[in-house]
1. Using only the Cα atoms, what convex hull volume per residue in Å³ does the chain have?
2. Quick one: what are the phi-derived ³J(HN,Hα) couplings along the stretch 585-597, Karplus 6.51/-1.76/1.60 with θ = phi - 60°, whole Hz, x for glycine and proline?
3. For E38 and K499 in one chain, what is 0.36 nm times their gap in residues minus the Cα-Cα distance, to one decimal in nm?
4. Cα-based Rg of the stretch 495-543 per 2.2 N^0.38 Å, rounded to two decimals?
5. Under a crude label model (7 Å from the Cα following the beta-carbon direction), how far is E438 from D268 in nanometres?
6. Once every DSSP H run of n ≥ 4 in the chain is given -39500 (n - 2.57) and the sum is divided by its residues, what mean residue ellipticity at 222 nm do you get, rounded to the nearest 500 deg cm²/dmol?
7. Between H419 and E464, how high is the FRET efficiency from 1/(1 + (r/R0)^6) when r is the Cβ-Cβ distance and R₀ = 51 Å? Nearest 0.05.
8. Counting other Cβ atoms within 10 Å, keep those with at most 15, restrict to DSSP loop, and tell me which trypsin sites (Lys or Arg not before Pro) in the stretch 135-178 are left.
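The values are calculated or read from the model by the stated rules, or taken from the named source; none is laboratory data. The structure presented is a predicted model; accordingly, all values stated were derived computationally and were not measured. When we count neighbours, we look across all protein chains shown, and the Cβ atoms used for this are built from the backbone with ideal geometry, even at glycine. In case anyone asks, the SASA skips ligands and DNA or RNA and just uses the protein heavy atoms, side chains included. Shrake-Rupley method; radii C 1.70, N 1.55, O 1.52, S 1.80 Å.
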Amino acid sequence: MVNILLQNFKWLNGLLLFMVAMSLAGCNAAVDIDKALEGHLKGPAKIYRHSLSGAPSSLDPVNAATVYSNFIIVNIYDTLYRYKYLARPYEIVPNLAVDMPEVSDDGLIYTIKIKKEVFYADDPAFLNGKGREVIAEDLIYSIKRHFDVSNRSQGSWLWDGKIIGLNEWKDAGSNYNQTIQGLKAVDSHTIQITLFKPYPQLTHTFAMGFSALVPHEAVDYYGREFSVHPVGSGPFKMLRYESSNYALMIRNIKYRQEPIDLAFEGYDPALHKQYGIDKIAGKSPPLVDALKIDFIKESASKWASFTKGNEINFSGVPVEQVDQILTQKKPTLILTPEISEKYHMFHTIEAGFVHTDFNMRDPLIGYNDDPIRDKRNKKLRCAIRSAFDWKERNDVFYSGIAVEYPGIIPPVVPEFDPHLSNISTLRNVDEAKRMMLEGDWTKDNVPTLVYGGVASVSTRQIYEQFRGWMKDIGFPDEKVVFDSYASFGDFNKAMKEAKIMIIGSGWILDYPDAQNTLQLFYGPYGSPGSNNSNYNNPEYNRLYEQTSPMLPSKERTQLYRKMNNIVIDDCVSITGLSRDNIFLWHKSVISYPDSGIVGGFHLKFVDMLDEEGK
């Protein structure tokens, strides 16, 4: 069965690569960048073309729940903090803030000063079309928006129950004219935040797209259209946005001048000089005149555009191309001479993980009011997990170079447990059949499994692989179906409305702390929050609440790992795998890309060489 699957996938990928490549040129040619930029830029323009594997679901920071949305948002808007461009492990530093927060001895009061003379980009939303200065009240307004139920925020979990008076403000009707005790503007450029209890990750939340500072004028002016008309004080300004195709941004001429200090950003000549990073020292971001981000969900399409030479400048490497571009996979990746001559490469284990969740609100597979059926459902979930083959998933879709491990704490965070038994990640068909028998599940009474995903070739292949595994443990073909969504935005909406039974997804960490993945299974964060599985275990919730105010320590790590084991034991998620991401970019581009925690922040540091290599 495995060999047949592999052969079919490789043949289909090869055919599609050819077909998509033939149609791609016409698609891209339809977008005339020069014409779109006419009148907006003077002289020869530096235009950098990035690519993402999906389209944003929204450009409103209250709904910046996907990596695709965040990539755009952090380039249009400002956040109080960011991460150093080059430093690894990641180091958080001031962005719009003047300095790191002043924190009271009890860890409850944060005082943050923001920079003066920072202005929003010019936009019709402002008086006379001139962007005004950013002030402390803008942060307060932006956080309030997350607790206005009409916005259906996907980021309110960050501050839910943590800031004094914020939840009460929501419960009282979200009146923007009312003040909140724990959110104060001490003066026009000083913010004071008062917490119920210590929250060590608070500063990290202010480096996320969710916390971007939004001007109320733009929200009032654009109304429902604000989600596609972003207005911020970040390095770029939106010029044209086609929600399914691309975003075209130009330099925000009002963006503050802050010369790049490479030593501060974590520059290491041995690591970074090969990418030309030394050439941007002393320059003030953004370094290109225009930034175009193409949304290309099919990997074959993206690869064809990238290798064409005059279209996108950056791409990941499709699985079907990995063996073609590498002369060696282990112990290190080495490019072929032909590829090495044309492109720069960087690869890293992602700051996140791939997992498949069960929707616990679905009584057919999750929680059920009938205690007997509830126990049978757990047996069913465990059987499905035992039939899942992470090794085959890795080999077929991730070139066999991804890292497989149990649970929901990925290797990139210090709380990862390398000694945890990997038995839950190993396929065991006999064990799966035993659990099916114990749960009294037969081919006649098993529920129909509905696997949700975006309508793409790769997702369809992933589903077909999953269906093959289910057939091996007794599921008839007709009882494993694919629920297809036209776009990631549609898929994300259905997920947030808890309409998907089995959810194949990935999570990129927002900050380098295992708490960020553990919160994905905290009961109160169920849909439309970040807990897409809608898991609600009282003991897990108690431990999450116990660890939330704790600073990093051996005790906290032990509790984190205990929570990890609870999720494994309840068979609520099929985990896990972290991809080894291979990035390639044209040698005319100066960049050190990141698709993880730093995400789109790195785009303001991207530069382009001229024909003379300067």
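1. Output value, Cα hull per residue: 158 Å³.
2. 3J(HN,Hα) across the stretch 585-597, in whole Hz: 8, 4, 6, 7, 10, 9, 7, 9, x, 8, 10, x, 4.
3. Gain on stretching E38 to K499: 161.5 nm.
4. Rg over 2.2 N^0.38 Å, computed on Cα atoms: 1.14.
5. Going by the 7 Å Cα→Cβ label model, 4.6 nm.
6. That comes out to -9000 deg cm²/dmol.
7. 0.90
8. Listed in order of number, the matching sites are R152.
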